[in-house]
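What follows is calculated from the coordinates using simple rules that are stated; it is not laboratory data. Small disclaimer: the values here were computed from a predicted structure and weren't measured. Cβ coordinates were reconstructed from backbone atoms using ideal geometry, including for glycine residues, and neighbour counts include every protein chain displayed.
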Amino acid sequence: MVSALDSECSRRVGLQMCESETGLRELTGYEDCNYFLNDLVWEHGGPSEAILKVTNPLEAKSHDNIDFQVKLCDILNENGIPCPKTIKRVDGRDWALEEVVNGVRLPVRVFGVLLGSNLENFTFEASLVQDIGELLAKFHVIADESKLSVTHMPYIAVEHRRSILNEMELQLKNSIISKERSKLIAECLDEFERRVANNRQLHEVGLIHSDINETNLLITEENNKKKITGLLDFGDVHRSFRIVDIASTVLYLHLSDKLQQGVESLTRNILEGYRRVRALPLCTDLLTAMKARLSRE
């Protein structure tokens, strides 16, 4: 799939060699292509392992958003939330467009490797879920204090109500979804519009991660104690309702929960952890936000 690490690209990134198949392993990714590199040799010294990310074509259209992600990660690392650290290229840049297949140029970045395994490999005990809620609150605090702003609005955002409905109508026309399902989606989005979007003054708005899921958190476990060691993937960060970030986090946990605790239990523990750091935003419409976010899937 990827030719982004051919000899010429390797030279620009700073690698002397990375041609062995055993040195390149594909990782889980939804839109982006992510690769684990090992046995690396650098021109001027560097880690023996790294992560190579090839950004998806949609996100690649906004170079400013990629620069924003680099800045945000720097700030999060400085304030105690471990996330990928960019390994700069030989020319000093954090990333650059590289030809990954014939005629297709996409942003390529290299990161240092964080400790831990994906959240999906663990069971979600109450203490871990609370820690995730605490992490989410810390992200909101740091994002506010950073004063960073971004114009990017990802495709998954509930703000794209019209686009979601257009897609739904197309799927209905092609018998991909049923009339009952399309009616339910429309009702959920309408409820969010009435209860949340049209009452913007009642709800906290700020930068949200919007993608804290089973693959974007890294965990270590020692003596039966789990610890969050990394927050990944900032491609969907945008300005929106904080209640949506909480709702999305609960939903992702619910969908990958081996213990099958249910939404109510997961919500309770996420909120308990969140309160350790900051006051909760208005959450009376949390279920409404969950339904709207689920309508996007």
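Quick notes on this structure:
- Seen against the Cα atoms of the chain and their longest principal axis, helix 242-255 is set at about 80 degrees.
- Dipole magnitude (debye, nearest 20) for segment 128-239, charges at Cβ of Lys, Arg, Asp, Glu: 300 debye
- Segment Val90-Thr284, extension gain: residue separation times 0.36 nm, minus the distance between their alpha carbons: 64.8 nm
- Summarising the amide proton neighbourhood of Gly230: residues at separation of 5 or more, or on other chains, whose placed amide H is nearer than 5 Å comprise Leu218.
- Extended-chain gain in nm, criterion 0.36 nm per residue less alpha-carbon gap, Val263 and Ala197: 21.5 nm
- Residues whose amide H lies under 5 Å from that of His238, counting only those 5 or more places away or on a different chain, are Ile208; hydrogens are built 1.01 Å from N in the peptide plane.
- Residue among Met290, Gln69, Val100 farthest towards the positive dipole end of the chain, charges placed on Cβ: Met290
- FRET E, pair Ile176, Ala126, Förster distance 45 Å, beta-carbon r, rounded to 0.05: 0.70
- A dipole drawn for the chain from +1 and -1 charges on Cβ atoms has a positive end, and of Asn38, Val113, Thr229 the residue lying farthest that way is Thr229.
- With a simple spin-label model that places each label point 7 Å from the Cα along the Cα-to-Cβ direction, the separation between Glu43 and Glu204 comes to 4.7 nm.
- Label-reachable residues, segment 131-172, where backbone N falls under 12 Å from a point 7 Å from Ala186's Cα toward its Cβ: 165-166, 168-170, 172
- Spin-label model distance (nm) - Glu31 vs Arg105, 7 Å beyond Cα toward Cβ: 2.1 nm
- Only lysines eight or more places from Lys291 in sequence, or on another chain, were considered; those with a Cα closer than 24 Å are Lys173, Lys179, Lys183, Lys258.
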